[in-house]
Every structure is written in C-alpha cells, then in structure tokens.
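The block underneath contains the structure these notes are about, expressed in structure tokens.
Only the coordinates and a few stated rules stand behind these numbers; no lab work does. Because the structure is a prediction, the values reported are computed rather than measured. Quick reminder, even Gly has a Cβ in these numbers, built from the backbone with ideal geometry, and neighbours come from all protein chains shown.
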Amino acid sequence: MDDALQRSLNLGFNPQIVRALDIGAQDLKILKNLDSANESHYRVQFEEIQDLKRVYRATSLGQGQHLGFPQDLLRLSGLAAAVLLSVSVAALLGRRISHSYQVTFNELIAHRERVRYLEEMSSWQEMAKALAHEIQESADTHRGPDHVSDEIPPQQDDPGI
C-alpha cells in the first residue's frame, strides 16, 4: 500500500507527466484538423487529457500553485512567527551587546580616572621630593663647616657640675 501511494505521489509531482499530457493534447488537435470525421472522438479524448492535466497540475506543489486559503494562511503565519522570533532574538542580542559595551566603557573611564589620579600623585611626590632636597641643601649651607655639634652645652651655674 505504501509503495502504491509513493508511486502515485511521484507521478503527481513529476513535471514530465504534465508535459506528456500537453504533447498528447497538441497531437489530438492536429488529428482533429486532419481527420474531421472523427472530430467528436478526438474532442472526448482531448477533454480527458485536459482533466488529467488539471489533476496533475493541482498536485504539483513545486510549480507555484496556490494551496488554498487554509494552507496559505498556515504558511504565512509560520513565516510571520519565524520573522517575529528572529527579530526578538536580534533585540535580545542587541541588548546584551549594548550592556556589555556600556560595562566595558564604564570600566575604561574608571581606569582612566585612576591613571590620572596616580600620575597627579606621582607629580606631587616628585615636587615634594625636590622641595625637601632644596630645603636640606639650604640648611646644610647655612650651618657651615665649623659647626661641630647640635647639642646644647651645659650651663655653668648648674650645681651638678
């Protein structure tokens, strides 16, 4: 049973069948012109071929024939669902990418501010170091070479001496 159904479907979807029927219809038209006496017989055969062509063309889905309103509606609704799903996925991915970009941008700004702060602190440290060196140099030049000690000499009137 399945084999017979498969063969019938193969015949129905075979475009060569429709072409053979077209050739047969053309041959019957030629015969009608050549043998006018049998015109009614050729006409009956021509109508049978036309009926078969309508049947085989109606079953050939690959030839752009309309499936009918319910099938066309199902096809369009499936297409609309696929488009809606793809737009939704694109929007979700767009939000994720935007969020990742924003997080990365904020981290970059924070690192830039941290680098600016550390460079400023480094310049202040260098200036403080240079200032301390100048103060030390200035103090050393004011003491002079004859300065012996920083200690305070004991007073003479102290009874403990």
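Distances between every pair of Cα atoms in segment 66-116, grouped in 5 Å steps from 0 to the bin holding the largest one, split as 4, 18, 10, 12, 9, 8, 9, 6, 7, 5, 4, 4, 2, 2, 0 percent. Protection proxy ranking of 102-110, 16-24, by the mean of other Cβ atoms within 10 Å over each peptide's residues and highest first, is 16-24, 102-110. Put a plus charge on the Cβ of each Lys and Arg, a minus charge on the Cβ of each Asp and Glu, and nothing anywhere else: the dipole of segment 67-142 about its Cα centre is then about 880 debye. Only lysines eight or more places from K129 in sequence, or on another chain, were considered; none has a Cα closer than 18 Å.
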